[in-house]
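Engineer: My questions will all concern the structure given below.
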Amino acid sequence: MDKFTQATANVLATFSLAQIAALVRSDWTKVYFGAVPYLNALECLNSISDNYGADPGREIVMYFLSNATTWKGETARMVKAELNKRLKAAR
C-alpha cells in the first residue's frame, strides 16, 4: 500500500457511516438497485453500533456490502475494506 492509499485509509477510518455513504454516492454513479435501501440507511447512521429502525447497523453494513459487488475501483476497495474492518471489530 503506497503512502497516499494508507493516508486515505487512515482518514476513512475516522468517517461516520453517513460520511462513508456520501463518499459512496459521489463515487458510484449508477448504484445497484439492491444496494439503494442499504445506502439510504447508512446515510442515517453514525456508527455500526447504531440502529436504523429495528435493524442493527451491523446488518445494514453487511447487506450493503453484499449488494455492492458491482461497485468497482480504488474508492470501492478502500470503502469495502473499511466497512469489513468495522464489521470484524463489532463481533
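Engineer: Give, rounded to the nearest 20 debye, the magnitude of the charge dipole that segment 3-90 has about its Cα centre when Lys and Arg contribute +1 at Cβ and Asp and Glu contribute -1 at Cβ.
Structural biologist: Working: 10 positive and 7 negative charges, 70 e Å.
Roughly 340 debye for segment 3-90.
Engineer: Search the structure for amide H atoms under 5 Å from the amide H of Y52, placed 1.01 Å from N in the peptide plane, and list their residues when 5 or more places away or on another chain.
Structural biologist: HN-HN under 5 Å from Y52: G57.
Engineer: Same structure again: Could you work out [θ]222 nm for the chain from helices alone, using -39500 (n - 2.57) per DSSP H run of at least four and dividing by all its residues? Round to the nearest 500 deg cm²/dmol.
Structural biologist: Details: 5 runs with 56 residues, N = 91.
It comes out at -18500 deg cm²/dmol, rounded to the nearest 500.
Every number in this text was worked out from the coordinates using simple rules, so none of it is lab data. For clarity, every value in this text was computed on a predicted model and none was experimentally measured. Note that each Cβ is placed from the backbone with ideal geometry, even for glycine, and that neighbours are counted across all protein chains shown.
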